[in-house]
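Peer 1: Please read through the structure below; I'll follow up with questions.
The values are calculated or read from the model by the stated rules, or taken from the named source; none is laboratory data. Fair warning: this is a prediction, and the values are worked out from it, not measured in the lab. Every residue, glycine as well, gets a Cβ built from its backbone with ideal geometry; the counts of neighbours run over all protein chains shown. SASA here: full protein model, heavy atoms, side chains in, ligands and nucleic acids out. Shrake-Rupley method; radii C 1.70, N 1.55, O 1.52, S 1.80 Å.
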Amino acid sequence: MVPAKSLTPDQVARYARHLILPEVGGAGQRKLLGSSVLILGAGGLGSPASMYLAAAGVGKIGIVDFDVVDASNLQRQLLHGHDDIGRPKVGSAADTLRSLNPDVEVVAINEHLNSETAMRIFAPYDIIVDGTDNFPTRYLANDAAHFLGKPLVHGSIFRFEGRLALFDSAKGTGCYRCLFPEPPPPGSVQSCAEAGVFGVLPGIIGSMMAFETIKYLLDIGRPMIGRYLLFEGEDMSFRELKLRQNKACPLCGENPTVHSLIDYEAWCGTPAMEPSEARAS
Amino acid sequence: MPQFRIPGPLRRLSDGQTTVDVEATDLANAIDALDARYPGFKDRLLDENGELRQFVNVYLNDEDVRLGAGLAVKVHEKDEISIVPAVAGGRRA
């Protein structure tokens with residue numbers, strides 16, 4: 001990332017609450033304006049994550065999705081409004097993010113994310129935020145971020161529960177495969193479309209994904225590296241588990257066997273991010 | 001006695017209970033005790049060889065047992081055993 005040279009008077013006004021925080025300040029704000037973040041999925045998690053990152057003044061936000069807005073999205077996917085039903089999600093997402101902050105360069109990527117496209121799509125960005133919340137894309141994002149040496153913010157939601165972590169696996173932090181070496185067999189795990197999702201839940205987890213992204217970019221505090229946060233909304237409680245590198249991990253362990261991207265849809269037994277199925281994120 | 005924390009996706013097996021106390025000295029017999037009270041957990045946690053499934057984690061307090069002694073790990077009074085399955089809400093499984 002290359003910090004922006006100086007702040008304009010409009011930017012000094014816009015980012016005033018950041019500028020008075022010593023942890024951000026002028027240098028941090030210029031760094032944010034010179035940073036780039038790729039958001040995977042313009043759904044429940046991607047909505048608050050991208051909106052807060054745009055409002056915070058991240059200079060370039062890419063958002064990738066291949067779905068169109070459906071009425072069932074609107075209970076939680078705040079990037080999209082009623083009039084957007086039927087539009088490509090990245091179209092309404094880009095409109096929302098640009099209206100929030102004209103400083104931000106928004107790159108709308110209306111593409112299927114798979115083993116053929118991921119490395120090219122990921123390459124221009126400093127950090128990857130995975131808001132897709134499906135197994136094939138999660139393992140794909142995990143592996144592609146590892147091979148490119150990019151940090152990856154992980155979030156997941158189910159009914160009233162959420163999860164959060166930050167992987168920087170090329171630096172030995174452990175990765176999603178260290179946590180879950182293999183995906184569950186197809187049909188054994190319910191999706192939000194089948195089990196439901198409390199609409200505010202992705203707002204909480206997605207906002208924390210943005211929070212961790214900015215902390216990482218500005219080197220603020222203690223990142224969610226080596227830590228796995230579990231949120232239980234019914235109790236309004238958080239718990240933290242240790243997330244360690246698994247020496248037997250096939251990707252980032254001592255004797256890796258995964259050396260390039262694989263066919264994740266075949267491996268997980270199901271297609272990733274099909275337009276009709278990616279709606280529940 | 002050691003206490004299991006049951007995650008949302010598996011609470012239909014535990015009659016909605018979020019925690020279940022068991023009498024046990026190691027993780028293997030803690031899982032046996034849980035399954036005896038609420039049948040179905042053993043099949044969810046262990047594969048046909050009796051090993052922990054690759055897509056379900058069990059934490060003893062805040063440590064992943066897979067990276068330690070596994071099912072042989074000793075459990076003690078006041079230990080918390082968390083079942084943490086892989087979840088992904090964003091698509092039809």
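Peer 1: Is it the case that the range B:35-48 has a residue that's part of a strand (DSSP E or B) and open to solvent by less than 30 Å² (accessible area, probe 1.4 Å)?
Peer 2: Yes: one or more hits.
Peer 1: To continue, here is another question. Can you tell me how many residues within the range A:239-270 are under 20 Å from the mean Cα position of the chain (by Cα) and open to solvent by 30 Å² or more (accessible area, probe 1.4 Å)?
Peer 2: Counting residues in the range A:239-270 that are under 20 Å from the mean Cα position of the chain (by Cα) and open to solvent by 30 Å² or more (accessible area, probe 1.4 Å) gives 3.
Peer 1: Being out of contact with any Gly (no Cβ under 8 Å at 6 or more places or on another chain) and modelled with pLDDT of 95 or more is the requirement here; does A:Leu179 meet it?
Peer 2: Here the answer is no, as A:Leu179 does not meet what is asked.
Peer 1: Could you tell me whether B:Gly70 is in contact with a strand residue (DSSP E or B) (Cβ under 6 Å, 6 or more places away or on another chain) and within 14 Å of chain A (Cβ to nearest Cβ)?
Peer 2: no
Peer 1: Residue by residue through the range B:54-67, note down the ones that are more than 7 Å from chain A (Cβ to nearest Cβ) and under 16 Å from B:Pro9 (Cα atoms).
Peer 2: Once the filter is applied, which keeps residues that are more than 7 Å from chain A (Cβ to nearest Cβ) and under 16 Å from B:Pro9 (Cα atoms), the range B:54-67 yields B:Val56, B:Val58.
Peer 1: Which condition from (1) touching a Leu at 6+ places or on another chain (Cβ under 8 Å); (2) on the phi > 0 side of the Ramachandran plot is the one that A:Gly149 breaks?
Peer 2: Exception for A:Gly149: condition (1).
Peer 1: Open to solvent by less than 60 Å² (accessible area, probe 1.4 Å), assigned to a loop (DSSP other than H, G, I, E, B), at pLDDT 95 or above and under 30 Å from A:His18 (Cβ atoms), is that true of A:Leu97?
Peer 2: So A:Leu97 does not fit the description; no.
Peer 1: Separate question: Have a look at A:Ile204, A:Ile220, A:Ile157 and point out the one that is surrounded by fewer than 22 Cβ atoms within 10 Å (Cβ to Cβ) and either under 29 Å from A:Asp263 (Cα atoms) or within 16 Å of the chain's Cα centre (by Cα) (or both).
Peer 2: A:Ile204
Peer 1: Among the residues of the range A:105-118, is any surrounded by fewer than 18 Cβ atoms within 10 Å (Cβ to Cβ), assigned to a loop (DSSP other than H, G, I, E, B), touching a residue at least 40 places away in the same chain (Cβ under 8 Å) and charged (D, E, K, R)?
Peer 2: Checked against the condition, which is being surrounded by fewer than 18 Cβ atoms within 10 Å (Cβ to Cβ), assigned to a loop (DSSP other than H, G, I, E, B), touching a residue at least 40 places away in the same chain (Cβ under 8 Å) and charged (D, E, K, R), the range A:105-118 yields at least one hit.
Peer 1: A follow-up question, please. Suppose we keep only residues that are closer than 17 Å to A:Leu100 by Cβ and free of Cβ contacts under 8 Å to residues at least 24 places away in the same chain within the range A:1-56. Which one would you say is nearest to the other protein chains (Cβ to nearest Cβ)?
Peer 2: A:Arg17
Peer 1: Within the range A:126-148, which residues are outside any helix (DSSP H, G or I), more than 12 Å from chain B (Cβ to nearest Cβ) and either of a type in the set (D, E, K, R) or open to solvent by 10 Å² or more (accessible area, probe 1.4 Å) (or both)?
Peer 2: Residue satisfying the conditions is A:Asp126 alone.
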